[in-house]
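Have a look at the structure below before the remarks.
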Amino acid sequence: MFLALRELRFARWRFTLMGSVVALIAVLMVLLSGLSSGLVNDGVSGLQRLPVTAFAFDGGTKLDSAFSRSVVDNQQVARWRQQPGVREAAPFGNMLVNARSDRGVPVDLALFGVEPNSFLAPSAGEGTGLGAPDGIVVSRTALDAGLRVGDTVTVDRIGTPLKIVGATADQHTFGHVDVAYLPLAAWQRLHAGVGPGQELPAKAAEQATAVAIRADDTADLAAGDAAAGTTTLAKRESYGASPGYSAETSTLMLIQVFLYAISALVVGAFFTVWTISRKHELAVLRAMGAAKPYLLRDGLAQALVVLVASIAAGVAVGVALGGLMGGSGVPFALEAPAVTLASLLLVLLGLLGACAAIVRVASIDPLAALGGQR
Amino acid sequence: MSSTERTGLVLSGVTLRLGDGDDTVTALDGVDLMVRPGELVAVVGPSGSGKSSLLAIAGALTTPDEGTVTIDGRDVTAMSDRARAAYRRDHIGFVFQSGNLLPALTALDQLRLVTNLSKKRIDSRDPAQLLADVGMAHRADRRPHQLSGGERQRVGIARALVGHPSLLLVDEPTAALDRARSHEVVQLLAQETKQSAVASVMVTHDQDVLEHCDRVVEMIDGRLSTG
């Protein structure tokens with residue numbers, strides 16, 4: 001470190017310039033990490049908070065948008081209940097609607113139709129839980145959008161009035177839309193497009209979107225699928241079946257992968273130029289008898305100091321900016337494990353880039369130290 | 001580490017061929033040279049006569065095709081690359097053209113770097129004291145670009161002497177200096193050679209400074225003749 005630290009001080013502007021680029025990449029990384037956590041929350045937090053381990057969709061449903069296509073009936077639910085290892089199975093209805101509150105606030109709602117006495121019923125953080133035939137429990141975030149407990153919302157076109165009896169304690173959203181839990185019977189009417197006063201066809205009263213399952217790890221889901229004629233997705237896999245989820249996460253992932261690659265290349269390019277510009281000095285050091293491991297260690301320690309310092313600065317700025325973003329309506333959530341992982345990856349890949357440049361040190365010929373300085 | 005007796009540098013029958021195949025050039029052709037501790041030997045000769053090759057061989061930077069190089073009785077031609085690097089670090093001091101100091105280091109740090117290169121070194125000289133000995137104490141915190149050519153060479157000489165070398169090899173020390181500075185620098189070399197009882201070899205073009213040397217040998221086409 002003797003030489004490394006003195007060089008850092010001597011060439012501080014050059015290192016600062018390179019460090020700023022890495023720091024800016026780290027800022028971007030933190031923001032992207034927050035955005036992708038935020039989007040995941042916005043996209044599937046409603047599913048994440050359901051106490052289920054898997055969803056069984058009707059057999060043959062296209063799985064990339066199964067939540068909007070699948071239809072299961074009571075018989076399939078009953079079959080699942082009988083499977084060994086399945087602790088609970090209940091019908092789960094899902095659909096997106098536009099609605100308007102009695103105070104004129106237009107809202108999008110993701111309806112989660114559940115049996116009020118089933119394990120899927122939400123616990124209310126405010127107001128009461130499900131019970132009344134037209135009573136709904138909305139996500140806490142819907143209150144931010146202008147709804148109140150006690151409001152009545154009317155579903156567009158069908159004209160069904162629903163009364164907000166409670167709100168959840170956490171964010172429950174699905175496909176960037178606030179979740180509203182409602183009794184399955186009410187959901188079945190809406191799903192069939194049956195308005196107030198009209199009669200619900202007998203068949204529709206048997207239906208839901210999927211079977212929500214809470215099972216032990218030992219449960220044989222394939223056997224359940226065979227018995228009930230369904231296709232099961234574990235809860236995590238089912239996120240991909242919600243609207244837009246795969247496209248959003250894979251886009252962000254692609255950007256992040258590119259950023260990692262760019263950062264490794266920037267650091268590698270800098271240290272390549274830096275090492276080449278010091279070729280004569282390094283030859284002098286080799287002639288003076290500096291061991292190769294000494295020079296390699298010194299070079300890597302230097303890279304590590306620059307990387308850690310600039311990435312720490314970048315993460316600090318990123319977190320500060322992220323703090324400003326809270327409450328601006330942008331889906332943004334900073335999660336310590338994700339940010340830590342991103343920082344470590346940046347350091348690691350930067351070091352890899354530096355490594356590729358610094359190994360040149362080993363091949364420098366001490367003979368070049370003799371003769372004039374170039 | 002065995003405390004070997006100081007016997008100086010002995011080159012015997014050293015031959016070095018450069019290039020390969022039909023383009024082979026004989027840079028050194030059966031060179032014999034002996035330099036005792038405390039002796040400053042100047043090597044003169046036209047460009048391309050093999051002076052630099054002689055330094056490279058004597059300094060264990062490269063190995064000859066034939067012949068042996070012994071320093072204080074140790075045959076350095078038989079050593080591995082790594083062992084030669086360690087030997088250079090612990091027993092050989094180099095003074096390069098125009099100092100070849102490291103731009104990032106102050107004068108004092110140039111000397112301290114040498115002690116930092118080897119954790120095991122036991123008998124290095126005190127950098128601050130040595131810098132004072134070469135008359136550079138007042139410039140200890142300056143970096144090379146803040147020093148004159150003569151000052152750089154003084155620091156370079158001090159750096160070469162930090163590790164108590166057995167052998168001091170000097171490459172064109174006055175190439176970038178005016179007459180007065182050249183004399184001062186070579187005088188310093190002669191003086192330190194005596195005081196440190198180091199065997200010194202100086203390659204130079206500069207006929208002016210030969211008066212400070214104990215002996216002058218001339219190199220022509222890879223052969224040495226006593227001048």
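The values are calculated or read from the model by the stated rules, or taken from the named source; none is laboratory data. The structure displayed is predicted, hence computed values, not measured ones. Please note: Cβ atoms are built from the backbone with ideal geometry, for glycine as well, and neighbour counts cover all protein chains shown.
If you go through segment B:1-27 and keep only what is under 21 Å from B:Ile92 (Cβ atoms) and either touching a His at 6+ places or on another chain (Cβ under 6 Å) or assigned to a loop (DSSP other than H, G, I, E, B) (or both), you end up with B:Met1, B:Ser2, B:Ser3, B:Thr4, B:Glu5, B:Arg6, B:Thr7, B:Gly8.
If you go through segment B:52-78 and keep only what is within 14 Å of B:Thr26 (Cα to Cα) and crowded, with 23+ Cβ neighbours inside 10 Å, you end up with B:Ser53, B:Leu54, B:Ile57. Taking every residue in segment A:277-289 that is assigned to a helix (DSSP H, G or I) and basic (Lys, Arg) and pairing it with any residue that is crowded, with 24+ Cβ neighbours inside 10 Å and at pLDDT 90 or above, at least 6 positions away or on another chain, the pairs with Cβ-Cβ distances below 6 Å are A:Arg286/A:Pro366. Among residues of segment B:138-166 that are within 12 Å of chain A (Cβ to nearest Cβ) and touching a residue at least 60 places away in the same chain (Cβ under 8 Å), those with a beta-carbon under 8 Å from a residue that is basic (Lys, Arg) and surrounded by fewer than 17 Cβ atoms within 10 Å (Cβ to Cβ) at least six positions away or on a different chain give the pairs B:Gly163/B:Arg121.
Annotation note: Cβ proximity below 7 Å between a residue of segment A:34-47 that is farther than 13 Å from A:Ala247 by Cβ and a residue that is assigned to a helix (DSSP H, G or I) and of a type in the set (Lys, Arg) (sequence gap 6+ or interchain) occurs for A:Leu47/A:Lys235.
Filtering segment A:339-374 to residues that are assigned to a helix (DSSP H, G or I) and within 14 Å of chain B (Cβ to nearest Cβ) leaves A:Val361, A:Ala362, A:Ser363, A:Pro366, A:Leu367, A:Ala368, A:Ala369.
Can you give me the ranges of the helices (runs of 4 or more DSSP H) entirely in segment A:1-95 with at least 1 residues that are surrounded by 20 or more Cβ atoms within 10 Å (Cβ to Cβ) and away from every other protein chain (no Cβ under 14 Å)?
On the way: elements: A:2-10, A:12-48, A:66-69, A:74-82.
Fully inside segment A:1-95 and qualifying: A:12-48, A:66-69, A:74-82.
Restricting attention to segment B:167-184, which residues are of a type outside the set (A, V, I, L, M, F, W, C), touching a helix residue (DSSP H, G or I) at 6+ places or on another chain (Cβ under 7 Å) and either assigned to a loop (DSSP other than H, G, I, E, B) or without any contact (Cβ under 8 Å) to a residue 40 or more places away in the chain (or both)? Let's see the steps before the verdict.
First, pick out the residues of segment B:167-184 that are of a type outside the set (A, V, I, L, M, F, W, C): B:171-174, B:178-179, B:181-184.
Those still in the list that are touching a helix residue (DSSP H, G or I) at 6+ places or on another chain (Cβ under 7 Å) too: B:171, B:173-174, B:179, B:181-184.
Scanning segment B:167-184 gives B:Pro173, B:Thr174, B:Arg179, B:Arg181, B:Ser182, B:His183, B:Glu184.
Just one of the listed residues (B:Thr174, B:Thr226, B:Thr193) is surrounded by 16 or more Cβ atoms within 10 Å (Cβ to Cβ) and either among the hydrophobic types (A, V, I, L, M, F, W, C) or out of contact with any His (no Cβ under 9 Å at 6 or more places or on another chain) (or both), and it is B:Thr193.
Please enumerate the residues belonging to segment B:28-53 that are among the basic types (Lys, Arg) and not in a loop (DSSP other than H, G, I, E, B).
Of the residues in segment B:28-53, the ones among the basic types (Lys, Arg) are B:36, B:51.
Scanning segment B:28-53 gives a single hit, B:Lys51.
Out of all the residues in segment B:55-69, is one or more in contact with a Phe, Trp or Tyr (Cβ under 7 Å, 6 or more places away or on another chain) and either over 30 Å from A:Phe10 (Cα atoms) or within 14 Å of chain A (Cβ to nearest Cβ) (or both)? Steps first, please.
Narrowing segment B:55-69 to residues in contact with a Phe, Trp or Tyr (Cβ under 7 Å, 6 or more places away or on another chain): B:59-60.
Okay, now just the ones that are also either over 30 Å from A:Phe10 (Cα atoms) or within 14 Å of chain A (Cβ to nearest Cβ) (or both), so B:59-60.
Yes, some residue in segment B:55-69 is in contact with a Phe, Trp or Tyr (Cβ under 7 Å, 6 or more places away or on another chain) and either over 30 Å from A:Phe10 (Cα atoms) or within 14 Å of chain A (Cβ to nearest Cβ) (or both).
The residues listed here are B:Ala180, B:Ala190; of these, the one that is away from every other protein chain (no Cβ under 14 Å) and at pLDDT 95 or above is B:Ala190.
Residues in segment A:196-223 that are of a type in the set (Gly, Ala, Ser) and part of a strand (DSSP E or B) were compared, and the one that is surrounded by the fewest Cβ atoms within 10 Å (Cβ to Cβ) is A:Ala215.
Here's the yes/no breakdown for (1) more than 18 Å from B:Asp221 (Cα to Cα); (2) not aliphatic (A, V, I, L, M):
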{"position": "B:Ala27", "(1), (2)": "no, no"}
{"position": "B:Pro46", "(1), (2)": "no, yes"}
{"position": "B:Ile57", "(1), (2)": "no, no"}
{"position": "B:Thr70", "(1), (2)": "yes, yes"}
{"position": "B:Asp90", "(1), (2)": "yes, yes"}
{"position": "B:Asn100", "(1), (2)": "yes, yes"}
{"position": "B:Ala104", "(1), (2)": "yes, no"}
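Quickly run through segment A:133-148 and pick out the residues that are at pLDDT below 90 and either in the same structural domain as A:Pro331 (by TED's automatic domain parsing) or not charged (D, E, K, R) (or both). Across segment A:133-148, the qualifying residues are A:Ala145, A:Gly146.
Of everything listed in (1) in contact with a Leu (Cβ under 8 Å, 6 or more places away or on another chain); (2) closer than 30 Å to B:Thr106 by Cα, the single unmet condition for A:Ser33 is (2). From the set of residues in segment B:193-227 that are among the β-branched types (Val, Ile, Thr) and touching a strand residue (DSSP E or B) at 6+ places or on another chain (Cβ under 7 Å), which is modelled with the lowest pLDDT? So, considering only residues that are among the β-branched types (Val, Ile, Thr) and touching a strand residue (DSSP E or B) at 6+ places or on another chain (Cβ under 7 Å), the one modelled with the lowest pLDDT is B:Thr226.
Here segment B:101-134 is the region considered, the condition is being surrounded by 14 or more Cβ atoms within 10 Å (Cβ to Cβ), away from every other protein chain (no Cβ under 12 Å) and outside any helix (DSSP H, G or I), and the residue that is modelled with the lowest pLDDT is B:Ser124.
Residues are listed down the side, and each one gets a yes or a no for (1) under 22 Å from A:Arg12 (Cβ atoms); (2) of a type in the set (Asp, Glu); (3) buried (at least 16 other Cβ atoms within 10 Å of the Cβ):
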| position | (1), (2), (3) |
| --- | --- |
| A:Leu259 | no, no, yes |
| A:Glu281 | yes, yes, yes |
| A:Leu285 | yes, no, yes |
| A:Arg297 | yes, no, no |
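Checked against (1) surrounded by 14 or more Cβ atoms within 10 Å (Cβ to Cβ); (2) away from chain B (no Cβ under 14 Å); (3) part of a helix (DSSP H, G or I), A:Gln302 passes all but condition (2). For segment A:321-338, the criterion of being within 20 Å of A:Ala4 (Cβ to Cβ), out of contact with any Gly (no Cβ under 8 Å at 6 or more places or on another chain), in a helix (DSSP H, G or I) and more than 14 Å from chain B (Cβ to nearest Cβ) is satisfied by no residue at all.
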